[in-house]
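**Student:** Here it is: the structure, laid out below.
What follows draws every value from the coordinates through simple rules; no lab data is involved. Note that the structure is a prediction, hence the values are computed from the model and not measured. No Cβ is skipped: glycine too gets one built from the backbone with ideal geometry, and neighbour counts run over all protein chains shown.
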Amino acid sequence: MNIPSEDTEDNEFYDICIIGAGMAGATIAAYLAPKGIKIALIDREYTEKQRIVGELLQPGAVQTLKKMGLEHLLEGFDAQPVYGYALLNNDKKFPIAYNQGDSTDFNGVGLHNGRFLQKIREDALKNDSITQIHGTVYELMEDSKGVVTGVKYREKHTRDVKAVKAKLSITSDGFFSSFRKDLSNNVKTVTSFFIGLVLKDCVLPYPNHGHVFLSAPTPFVCYPISSTETRLLIDFPGKKAPKKDDIREHILTKVAPFLPNEFKECFANAMAENNFKVMPNHYMPAKPVLREGAVMLGDALNMRHPITGGGLTAVFSDVYLLSSHLLAMPDFNDSKLLHEKLELYYQDRYHANTNVNIMANALYGVMSNDLLKQGVFEYLRKGGDKSGGPISLLAGLNRNPTLLIKHFFSVAWLCICNLAEKNKMNLPNIFKIIKDAFCIIAPLAVNELRPSSFYKKNTQH
Ligand SMILES: Cc1cc2nc3c(=O)[nH]c(=O)nc-3n(C[C@H](O)[C@H](O)[C@H](O)COP(=O)(O)OP(=O)(O)OC[C@H]3O[C@@H](n4cnc5c(N)ncnc54)[C@H](O)[C@@H]3O)c2cc1C
């Protein structure tokens, strides 16, 4: 699609203006720019970030990158294939592969998010149709009818205030988005915090797997992010960020005693480095308000607990969906058609992300519940469909919400049977399991399920 802008001599007129060259913004730029769409890509910072977010791509995310022809962006920076998950509970452990039988179709990838993002940005910015802008956007401009016509930003180096005009402004400015209030009724809540450490030269019990530890009072996970580094993410429950002293105390009392022996040395080294990073974990169901000339993408629109590594599965799926609708237009000049496409994108993305969103917060709820987490461990250990179904949901490869609900209640049922078997009079705990299971799943189902979740195509490959 090669569309002349309104004023080809004035670089301030664009088809699309993207606020935030993060995972969502840079990826949609990299996908659309080679198609000749004139894009202004604005970010306040283009240097490589050191973050603990977005370091494990589930196979669903990898598949969507492949669909967009962008899988080459995973190469050349020591990213690691991830073949599945391992669950560890005291002295018991077992792996679950993403692929069933002899298939090798689906892998996840563990990586340094900062390196990956730089690759995506580089790939986007090599296109002539993109203009890179270094600045902080502070306002959406609108005309007298309330149609968004572009953005105002403060340029980083000159501190000048400038404007960019575009037919479509995409707000992909991440989880502290400044434009959420203009384009959604979203309400975000902090579920917990993740404390991140890097373990160096650590031999994992199951190499090239994500590891989930269930024996500790709060869950923690780890996965490779390069050939020599493993990311350890430790949950810190509650809505208040841990203070420096709380972090050490939490790790030493709630994590260290539950680490396998092969971790002890690299863990001690990581503690000595004292380089902890802390991030809030949000839940924010998408409640977009349709507005002409603007659309939301990425964490600005929708967030879920990162325990399942589902964020980028949702982000890339949204990038692909929005792009498919935009690319179906002959050009960006028909504002009514553009508006219809934005509406379709918001509708379609519900189905695409239902399972990713429910799975993330339901699993976090289950893993933070002493009774249910023992049930999930036993259930998955049975193998066959009981591990194959849940891993396809976790991987972001299966979008069938009926399957998710079936496995969720099967876990609760297993817990009930186990309790009843031990002691038939264990009624308080049996009622507690039923109540806890409903309290976890009901609000998620209300927020995330739509009629379309049940009848649309359920595989994403
Ligand atoms: C602790 C944690 C761990 C996670 N781990 C995983 C994982 O393992 N796997 C996974 O798939 N997902 C994970 N996620 C989720 C995933 O990282 C996010 O879904 C993803 O990064 C969102 O991308 P984004 O583009 O919306 O936001 P970001 O990548 O944060 O990008 C936002 C961009 O906007 C820019 N910006 C912000 N405001 C402005 C402004 N006013 N003007 C100009 N630019 C601006 C910022 O500089 C930034 O570059 C994790 C999340 C958390 C919190």
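**Student:** Once the piece of chain linking Gln132 and Cys439 is laid out straight, how much longer is it, given 0.36 nm per residue of separation minus the C-alpha distance between them? Working shown, then result.
**Tutor:** On the way: separation 307, 0.36 × 307 = 110.52 nm, distance 4.63 nm.
That pair, Gln132 and Cys439, stretches by 105.9 nm at full extension.
**Student:** With a ≥ b ≥ c taken as the square roots of the eigenvalues of the C-alpha gyration tensor of the stretch 41-128, please select rounded if a/c is under 1.5 and otherwise prolate if a/b is larger than b/c or oblate if it is not?
**Tutor:** On the way: a/c = 3.39, a/b = 1.74, b/c = 1.95.
Oblate shape, in that a/c is at least 1.5 and b/c is the bigger or equal ratio.
**Student:** For the stretch 183-259 and the stretch 350-421, what is the separation of their C-alpha centers, rounded to whole Å?
**Tutor:** The distance from the Cα centre of the stretch 183-259 to that of the stretch 350-421 comes to 21 Å.
**Student:** Mind checking the stretch 227-301 for trypsin sites (Lys or Arg not before Pro) that DSSP puts in a loop (not H, G, I, E or B) and that have at most 14 other Cβ atoms within 10 Å?
**Tutor:** Values: sites: Arg231, Lys239, Lys240, Lys243, Lys244, Arg248, Lys254, Lys264, Lys277, Arg291; in loops: Lys239, Lys240, Lys243.
Within the stretch 227-301, the qualifying trypsin sites (Lys or Arg not before Pro) (loop, at most 14 other Cβ atoms within 10 Å) are Lys239, Lys240, Lys243.
**Student:** Let me ask something additional. Could you give me the ³J(HN,Hα) list for the stretch 26-32, computed from phi with Karplus coefficients 6.51, -1.76, 1.60 and θ = phi - 60°, whole Hz, x at Gly and Pro?
**Tutor:** Along the stretch 26-32, the couplings run 5, 5, 5, 5, 5, 7, 8 Hz.
**Student:** While we're looking at this one, here's another question. Just to confirm a number: summing +1 for Lys and Arg and -1 for Asp and Glu over residues other than Lys244 whose beta-carbon lies under 15 angstrom from that of Lys244, what do you get?
**Tutor:** 0
**Student:** Further question: Beyond a 25 Å Cα-Cα separation, which of these cross-linked pairs lie in this structure: Lys240/Lys432; Lys67/Lys165; Lys239/Lys406; Lys49/Lys126; Lys181/Lys243; Lys239/Lys382?
**Tutor:** On the way: Lys240/Lys432 27 Å; Lys67/Lys165 30 Å; Lys239/Lys406 30 Å; Lys49/Lys126 20 Å; Lys181/Lys243 30 Å; Lys239/Lys382 35 Å.
Pairs exceeding 25 Å: Lys240/Lys432; Lys67/Lys165; Lys239/Lys406; Lys181/Lys243; Lys239/Lys382.
**Student:** If you don't mind, another one. Taking K and R as +1 and D and E as -1, what net charge do the other residues with C-beta under 10 Å from the C-beta of Thr27 add up to? Before the final figure, lay out each step's value.
**Tutor:** Details: positive: Arg121; negative: Asp123, Asp318.
Charge balance in the 10 Å sphere: -1.
**Student:** Using the beta-carbon distance between Lys264 and Thr228 and R0 = 22 Å, what value does 1/(1 + (r/R0)^6) give for FRET efficiency, to the nearest 0.05?
**Tutor:** Numbers: r = 18 Å, r/R0 = 0.80.
Step by step, r from the Cβ atoms, then E = 0.80.
**Student:** Taking only DSSP H segments of four or more residues, each worth -39500 (n - 2.57), what value at 222 nm results for the chain once the sum is divided by all its residues, to the nearest 500 deg cm²/dmol?
**Tutor:** It comes out at -12500 deg cm²/dmol, rounded to the nearest 500.
**Student:** Under 14 Å from the Cα of Lys188, which aspartates and glutamates turn up, not counting those fewer than eight places away in the same chain?
**Tutor:** Partners found: Asp299.
**Student:** If you put +1 on each Lys and Arg Cβ and -1 on each Asp and Glu Cβ, how big is the dipole of the chain around its Cα centre, in Debye rounded to 20? Each step should come with its number before you reach the end.
**Tutor:** On the way: 53 positive and 49 negative charges, 319 e Å.
Here the size comes out at about 1540 debye.
**Student:** Next question, about the same structure. For the chain, find the longest principal axis of its Cα atoms and tell me its angle to the long axis of helix 335-367, 0 to 90°, nearest 10.
**Tutor:** 20
**Student:** Evaluate the charge dipole of the stretch 242-364 about its Cα centre and quote only its size in Debye, nearest 20, assuming +1 on the Cβ of each Lys and Arg and -1 on the Cβ of each Asp and Glu. Present the calculation step by step, with values, prior to reporting the outcome.
**Tutor:** Working: 12 positive and 14 negative charges, 71 e Å.
Dipole size: approximately 340 debye.
**Student:** Here's another thing I want to ask about it. Taking amide H atoms as placed 1.01 Å from N in the peptide plane, list the residues 5 or more away in sequence, or in a different chain, whose amide H sits under 5 Å from that of Lys287.
**Tutor:** Amide H neighbours of Lys287: Asn185, Asn186.
**Student:** Follow-up question, since we're still on this one. Calculate the spin-label point distance for Leu344 paired with Arg115, positioning each point 7 Å from the Cα along the beta-carbon direction, and give it in nanometres.
**Tutor:** Those two pseudo-labels are separated by 3.9 nm.
**Student:** Can you run phi through the Karplus equation (6.51, -1.76, 1.60; θ = phi - 60°) for the stretch 159-164 and list ³J(HN,Hα) in whole Hz, with x for Gly and Pro?
**Tutor:** Ordered by residue, 3J(HN,Hα) equals 6, 6, 8, 9, 10, 10 Hz.
**Student:** Give the distance, in whole Å, between the Cα centre of the stretch 325-346 and the Cα centre of the stretch 50-91.
**Tutor:** Each part's Cα centre sits 31 Å from the other's.
**Student:** With 18 Å as the limit, write out which pairs from Lys119/Lys152; Lys162/Lys341; Lys92/Lys422; Lys93/Lys200; Lys167/Lys336; Lys373/Lys435 have Cα-Cα distances beyond it, or answer none.
**Tutor:** Lys119/Lys152; Lys162/Lys341; Lys92/Lys422; Lys93/Lys200
**Student:** Follow-up question, since we're still on this one. List the residues, sorted by chain then number, that are 5 or more residues from Cys17 or on another chain and whose placed amide H is less than 5 Å from its amide H.
**Tutor:** Amide H to amide H, under 5 Å and 5 or more residues apart or across chains, Cys17 pairs with Ala40, Leu168, Ser169, Ile170.
**Student:** Which is the longest run of the chain containing none of the chymotrypsin sites (Phe, Trp or Tyr not before Pro) found in DSSP loop states (not H, G, I, E, B) with at most 15 other C-beta atoms within 10 Å?
**Tutor:** After excluding every exposed loop site, the longest remaining stretch is 177-461.
**Student:** Considering amide H positions built from the backbone, and no H for Pro or chain starts, which residues 5 or more places from Ala86, or on another chain, come under 5 Å of its amide H?
**Tutor:** Ile96, Gly210, His211, Val212
**Student:** Could you check what % of the DSSP bridge pairs in the chain are antiparallel, to the nearest 5?
**Tutor:** Working: 51 of 74 bridges.
So the antiparallel bridges amount to about 70 percent of the total.
**Student:** At a 4.7 angstrom Cβ threshold, list every cysteine in the chain that has nobody to pair with, or say none.
**Tutor:** That list is Cys17, Cys222, Cys415, Cys417, Cys439.
**Student:** Hey, another quick one. How about the stretch 68-177: which GluC sites (Glu not before Pro) there lie in a loop by DSSP and see at most 16 other Cβ atoms within 10 Å? Kindly include the intermediate steps, with their values, before the conclusion.
**Tutor:** Working: sites: Glu71, Glu75, Glu122, Glu139, Glu142, Glu155; in loops: Glu75.
When the GluC sites (Glu not before Pro) of the stretch 68-177 are filtered for loop state and at most 16 Cβ neighbours within 10 Å, Glu75 remain.
**Student:** Enter the angle in degrees (range 0 to 90, nearest 10) between the Cα long axis of helix 264-273 and the first principal axis of the Cα atoms of the chain, meaning the one along which they spread out most.
**Tutor:** That works out to roughly 40 degrees.
**Student:** Could you give the dipole magnitude of the stretch 305-455 about its Cα centre, charging the beta-carbon of Lys and Arg +1 and that of Asp and Glu -1, in debye to the nearest 20? Don't skip to the end; give the middle numbers.
**Tutor:** On the way: 14 positive and 12 negative charges, 146 e Å.
For this selection, approximately 700 debye.
**Student:** Summing +1 for each Lys or Arg and -1 for each Asp or Glu, what net charge is found among the other residues whose Cβ lies under 14 Å from the Cβ of Lys93? The partial results should precede the final answer.
**Tutor:** On the way: positive: Lys92, Arg381; negative: Asp91, Glu262, Glu378.
Residues close to Lys93 contribute a combined charge of -1.
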